[in-house]
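Worksheet: the structure to be examined is printed underneath.
The values are calculated or read from the model by the stated rules, or taken from the named source; none is laboratory data. Everything numeric in this text was worked out from a predicted model, so none of it was measured. Glycine also receives a Cβ, built like all others from the backbone with ideal geometry; neighbour counts cover every protein chain displayed.
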Amino acid sequence: MAKKTKKTRILAVDDEPIIGESIAYNLEAPHRKISVAPDGREALNLTSKQKFDVVITDHRMPETGGLELVRALRKRKYKGKIVVLSGHLSPDNIGVYEELEIDEVISKPCIMAELREVVANLEEDLSLGL
């Protein structure tokens with residue numbers, strides 16, 4: 001019987017539907033399951049129902065933004081990887097994210113190859129148990 005491989009579960013959070021779908025499209029691979037949420041509130045709802053290995057979030061979103069989302073995930077003891085993908089980050093914002101121990105910050109507009117490389121590196125960390 002063939003060994004079943006575990007898929008990396010990724011949640012892309014962005015209030016611009018085209019960005020969320022673009023992330024999902026560019027990260028699509030047989031070993032990944034990708035979900036998209038339109039804001040931090042929906043992301044929190046999804047993460048309370050299922051486990052995600054990687055959360056990729058925008059910073060500036062209506063309702064619940066990226067900082068609120070990351071704070072809530074850390075309060076819940078979320079152990080997965082977090083990537084902030086935004087064009088609206090001040091040095092102060094970046095400092096707060098670093099204090100919250102996110103894994104990566106990528107500036108928008110981003111080159112999707114950079115995002116794919118970051119996610120591949122995070123998957124390697126996950127497989128090594130880091």
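Here is how the numbers come out for the structure above:
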{"item": "Residue check for residue 84: buried (at least 17 other Cβ atoms within 10 Å of the Cβ), in contact with a Ser or Thr (Cβ under 8 Å, 6 or more places away or on another chain) and within 18 Å of residue 16 (Cβ to Cβ)", "result": "yes"}
{"item": "Residue check, residue 43 crowded, with 21+ Cβ neighbours inside 10 Å and modelled with pLDDT of 95 or more", "result": "yes"}
{"item": "Residue 102 being in contact (Cβ under 8 Å) with a residue 40 or more places away in the chain, under 26 Å from residue 7 (Cβ atoms) and crowded, with 17+ Cβ neighbours inside 10 Å", "result": "no"}
{"item": "Some residue of the stretch 112-129 being over 11 Å from the mean Cα position of the chain (by Cα), surrounded by 13 or more Cβ atoms within 10 Å (Cβ to Cβ) and not in a helix (DSSP H, G or I)", "result": "no"}
